[in-house]
Amino acid sequence: MRRIRANAIAILTVAWILGTFYYLWQDNKPRSAAAGRSAGSGGGGGGSSGGSARSGQRAAGRLELRREERTIPLVMTRAPQGEKNSRRGFDEKAYLSSKLVKAGEDPYRQHAFNQLESDKLSSDRPIRDTRHYRCTSVRYDTDLPATSLIITFHNEARSTLLRTVKSVLNRTPPSLIQEIILVDDFSSDPEDCQLLTKIPKVKCLRNTRREGLIRSRVQGAEVATADILTFLDSHCEVNSEWLQPMLQRVKEDYTRVVSPIIDVISLDNFAYLAASADLRGGFDWSLHFKWEQIPIEQKMSRTDPTQSIRTPVIAGGIFVIDKSWFNHLGKYDTQMDIWGGENFELSFRVWMCGGSLEIVPCSRVGHVFRKRHPYDFPEGNALTYIKNTKRTAEVWMDEYKQYYYEARPSAVGKSFGSVADRVEQRRKLNCKSFQWYLENVYPELKIPEKELIPGIIKQGGNCLESRAQDTTGNTLAGMGNCKGTVNNPPVTQA
């Protein structure tokens, strides 16, 4: 009897131990799988970034990753549960499925990037935190001002537009988002914008005709209710803590106009690639924007990788500015058309009229850089860019505009409209000269040795300019100060 009892106890003990091990094994199984997926996702993201970054370095040096720019591993950023529940009125599946790439259709044709790859991605996809590791220890004021985000678009792919909006909502404290204003620049389908207003804080402003990015941004700024404006392109993805560093800088000095480091989203496979933190905006005399290395003196003096970088110009697609300062400076030149050159005009105006431009390293925003424009320019891309940059040169570059014409001779004689109101505004703002800008902001831009402008007749410091027409309609010419305007342009040789 004792033996039977002992055997029974032993069997029950073994069964209990086996049952306990089985329970623990079953409980741990999904956790291990989830950990494996997370590790796989992180490794895949890192590998993709590394391979694509090497490719980008060969192309333009834009994606240079340095050892000292140690970044943070992949972190999944999700919307707060309350935010997700409040979006239930928005039917994301229906919104996206109605505009998918059709079978056999070229996925690059409509938007100049691979829409097929964009459509495959989740609107809430995780991206790598590409900031320097020291950015995570930076603390920002708890009372930062809220901002109105202004996103303009014309026939944007729905998947990229939605991902832009949701990345903002997912990676920004709700208290800092006053509103997201979508300015639909007369897209073919009004519902591209209207349906997104079912998402909290999203508003839609639709143009009744094609206005272009410049005038659309001004319209968005005019209806914005926050004291701070944040301009974004419609094919972006903001990164972790992207907004706080920029708001902090503007809060400390309202005359600062600040931009993030702009990471690259591949137009082919939508991989998110970290950009170098050692770059700033620059340009040549033809007013062609380029990314360039920070001058060695500035680089040597930067002991803190979280310190802001002074930049002569900004790319223009993504920046934060105080609304009252934006209005005081004259907003944008609304006589410019569609796109192009507005970043130079704004950059010169900010620096020469008492402000400053900065790139904030602890702020990162990904952007799809395209190789061509997917939309039409009424007067053509080249003529529109010439008109816009010529207006910039005539108002802000003083006697140095001759080097613009030398570098871009096709601009000579081209119409650019009246700039009288912009010249008057510069006078009222008591702005500094372009010579001051070259000496204090961009001394690296060297003056060309050649002084003569091809095609312009010059004697000493004067140019031969058209003055008026006689009774027979013939143009009379005379010597002037080489500041030809639309009414008396420099006379060109045939």
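Remarks
- Approximate spin-label separation residue 436-residue 194, in nm, with each point projected 7 Å along Cα-to-Cβ: 5.0 nm
- Here the range 183-301 is treated as an ellipsoid with the same Cα gyration tensor; its semi-axes, largest first and in whole Å, are 30, 19, 17.
- Translational diffusion of the range 84-186, µm² s⁻¹ [Kirkwood Rh, Cα pairs; Stokes-Einstein; 4 °C; 1.567 mPa s]: 80 µm²/s
- Between residue 155 and residue 91, the FRET efficiency from the beta-carbon distance, with R0 = 22 Å, is close to 0.55.
- Potential extension, residue 399-residue 253 segment - 0.36 nm per residue separation minus Cα distance: 49.4 nm
- Cβ crowding within 10 Å, taken as a proxy for footprinting-reagent exposure, orders 241, 449 from fewest neighbours to most as 449, 241.
- The charge dipole of the range 81-368, taken about the Cα centre with unit charges on the Cβ atoms of Lys, Arg (+1) and Asp, Glu (-1), comes to about 520 debye, rounded to the nearest 20.
- Footprinting exposure proxy ranking of 276, 188, 175, fewest other C-beta atoms within 10 angstrom first, gives 188, 175, 276.
- Residue-wise HN-Hα couplings along the range 277-292, as the Karplus relation 6.51 cos²θ - 1.76 cosθ + 1.60 with θ = phi - 60° gives them from phi, are 8, 9, 10, 9, x, x, 6, 10, 5, 7, 6, 9, 6, 8, 8, 9 Hz; Gly and Pro carry x.
- Above-threshold pairs, the threshold being 30 Å between Cα atoms, out of 299/432; 251/401; 371/414; 166/432; 201/390: 251/401; 166/432; 201/390
- Fewest neighbouring Cβ atoms within 10 Å first, the residues 183, 165 line up as 165, 183.
- Gain on full extension, evaluated as 0.36 nm per residue between residue 298 and residue 210 minus their Cα-Cα distance, stands at 27.4 nm.
- Estimated at 0.36 nm per residue, the fully extended path between residue 288 and residue 370 surpasses their Cα-Cα distance by 27.9 nm.
Bear in mind these aren't lab numbers, they're just calculated from the coordinates by the rules spelled out. Small disclaimer: the values here were computed from a predicted structure and weren't measured. Note that each Cβ is placed from the backbone with ideal geometry, even for glycine, and that neighbours are counted across all protein chains shown.
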